[in-house]
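Let me begin by presenting the structure, written as structure tokens, before commenting on it.
The values are calculated or read from the model by the stated rules, or taken from the named source; none is laboratory data. Bear in mind the structure is a predicted one, so any value in this text is a computation, not a measurement. Positions of Cβ are generated from backbone atoms using ideal geometry, with glycine treated the same way; all protein chains shown enter the neighbour counts.
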Amino acid sequence: MFSFFKRFKGSKESDTAADESLAAQDGATPEAEAAPVEPVAPVQPVQPVERGAAAAPPVVATTIIEPQPEPQDAALDTVEIVPPPMQDAGAKRSWLTRLKTGLAKTSSNLTGIFVGAKIDEDLYEELETALLMSDAGVEATEFLLESLREKVRSERLTDPQQVKIALRTLLVELLKPLEKSLMLGRAQPLVMMIAGVNGAGKTTSIGKLAKHLQSFDQSVLLAAGDTFRAAAREQLAIWGQRNNVTVVAQESGDPAAVIFDAVGAARARKIDVMMADTAGRLPTQLHLMEELRKVKRVIGKAQDGAPHEVLLVIDANTGQNALTQVKSFDDALGLTGLIVTKLDGTAKGGILAAIARQRPIPVYFIGVGEKVEDLQPFSAEEFSDALLGG
Ligand SMILES: Nc1nc2c(ncn2[C@@H]2O[C@H](COP(=O)(O)OP(=O)(O)OP(=O)(O)O)[C@@H](O)[C@H]2O)c(=O)[nH]1
Ligand SMILES: [Mg+2]
């Protein structure tokens, strides 16, 4: 099996402070107590320190805790989340069906154009309208149409069904760069920060991901960085309880401080993946965006090289606005990946083409519902088939 099961040896004296920090929050997160914790090695023997000749007994004892060397990341093996965590073929079929159902409107608009059609200007015009209506945006639409005209010419296509297949090929080529697997085991803990506008699906996606990661034998710790709403903490705590995962939370206060403590706790417990939830915010709320930047900086102070992933969760139903969100959050934070949710609703799907053309940030996962198995890795082929009725 995967060699990333390997645990670091070496003593953990420097970890006790982080564990104490976690213990101080236990009132807020009783489930943290219940979570399995690796036994912490005893601290080094107490060394009595003489307090000068004048000092009378009793001698005050001080515990000297030497900082331990950092674990060597190079010793870890990496592993990709491929093939998709879905093992059961039936469940996979049902997931694809949900994706197709979600994108049915766009798919019927696009595929309807090719039925009994002639390859002429009308066809291209209808395609242009359907692509624009699918949220693909002007740039991606023009790019696809120009490439299609070129392909029809160079390959001398005469059958509208061949043109449809050519469009599928172009769409797959456009979306392919967005396909990327989440690499695990690059660091311990691998720290992921999750951001997005209100209600995009951040907390739900974290809960689902926690479950998937566990199926890859990854230990997980969650940080409730949304310190503004009690309900937000509770929502994350419920996911934690359901998956037997520790949640680090505070009743109020600075999100950066909670997440800093959580990184410490994750290091102390030799957790594989730590995910930090954050409160929803609009990119136009400048002070809240600054707060996110601070969270990212502070994570870097808690662990060199962290956060390893900065993910933006976007609701596919927000149309072209989702592209604006991607650009703004990327400018502010430097995104490493996206999670696109709610493709089961009234989403039109073309937004991924717009992202691919204008801000190609990898789409790690797409969501087609509220259940754990509804979040799956993004595949350009599957998505193009769903859009073009393949
Ligand atoms: N249909 C559907 N619903 C989803 C999906 N992902 C999330 N949801 C729902 O969207 C709603 C909002 O999800 P949350 O996870 O609370 O969103 P959030 O981004 O954490 O929200 P805030 O913390 O308020 O900013 C919940 O009712 C979820 O169940 C999805 O892929 N499909
Ligand atoms: Mg939330």
### Query
Out of the residues in the range 207-235 that are more than 20 Å from R267 (Cα to Cα) and in contact with a strand residue (DSSP E or B) (Cβ under 6 Å, 6 or more places away or on another chain), which is nearest to ligand 1 (Cβ to nearest atom)?
D226
### Message
Just to be sure I understand, how many residues within the range 265-296 are touching a Ser or Thr at 6+ places or on another chain (Cβ under 7 Å) and modelled with pLDDT of 95 or more?
### Response
5
### Task
Go through the range 336-390 and count every residue that is among the small types (G, A, S) and more than 21 Å from T203 (Cα to Cα).
11
### Query
Within the range 312-333, is there a residue that is free of Cβ contacts under 8 Å to residues at least 40 places away in the same chain and outside any helix (DSSP H, G or I)?
no
### Message
Just checking, does the range 316-326 include any residue being farther than 30 Å from F114 by Cα and more than 16 Å from ligand 2 (Cβ to nearest atom)?
### Response
yes
### Matching entry among G201, G196 (being within 16 Å of ligand 2 (Cβ to nearest atom), over 29 Å from A268 (Cβ atoms) and in contact with a Lys or Arg (Cβ under 8 Å, 6 or more places away or on another chain))
G201
### Qualifying residues in the range 204-216 (those that are within 11 Å of ligand 2 (Cβ to nearest atom) and touching an Asp or Glu at 6+ places or on another chain (Cβ under 8 Å)) - the one nearest to A316 (Cα to Cα)
T204
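For (1) assigned to a helix (DSSP H, G or I); (2) within 16 Å of ligand 2 (Cβ to nearest atom), each residue gets a yes or a no:
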| site | (1), (2) |
| --- | --- |
| Q218 | no, no |
| R242 | yes, yes |
| E251 | no, no |
| A256 | yes, no |
| G264 | yes, no |
| E291 | yes, yes |
| V295 | yes, yes |
## Note on the structure
Across the range 344-362, the tally of residues that are part of a loop (DSSP other than H, G, I, E, B), at pLDDT 95 or above and of a type outside the set (G, A, S) stands at 4
### Query
Restricting attention to the range 178-196, does a residue exist that is over 30 Å from K294 (Cα atoms) and among the charged types (D, E, K, R)?
no
### Query
So I366 clears everything in (1) touching a Gly at 6+ places or on another chain (Cβ under 8 Å); (2) surrounded by 20 or more Cβ atoms within 10 Å (Cβ to Cβ); (3) of a type outside the set (G, A, S); (4) within 15 Å of W95 (Cβ to Cβ) except one condition, right? Which one?
(1)
### Query
Any idea which residue in the range 188-206 is nearest to ligand 1 (Cβ to nearest atom), counting only those that are in a loop (DSSP other than H, G, I, E, B) and among the aliphatic types (A, V, I, L, M)?
A200
### Message
Being in contact with a strand residue (DSSP E or B) (Cβ under 6 Å, 6 or more places away or on another chain), aliphatic (A, V, I, L, M) and either within 26 Å of E142 (Cα to Cα) or away from ligand 1 (no atom under 12 Å from the Cβ) (or both) narrows it down to one residue among I355, I271, I351; which is it?
### Response
I271
### Message
Among the residues of the range 154-164, are any touching a residue at least 60 places away in the same chain (Cβ under 8 Å) and within 30 Å of the chain's Cα centre (by Cα)?
### Response
no
### Message
Would you confirm, using the coordinates I've provided, whether M274 is out of contact with any Lys or Arg (no Cβ under 8 Å at 6 or more places or on another chain) and either aromatic (F, W, Y) or in contact (Cβ under 8 Å) with a residue 12 or more places away in the chain (or both)?
### Response
yes
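Restricting to the range 88-121, count the residues that are assigned to a loop (DSSP other than H, G, I, E, B), surrounded by fewer than 16 Cβ atoms within 10 Å (Cβ to Cβ) and of a type outside the set (D, E).
Total meeting the criteria: 3.
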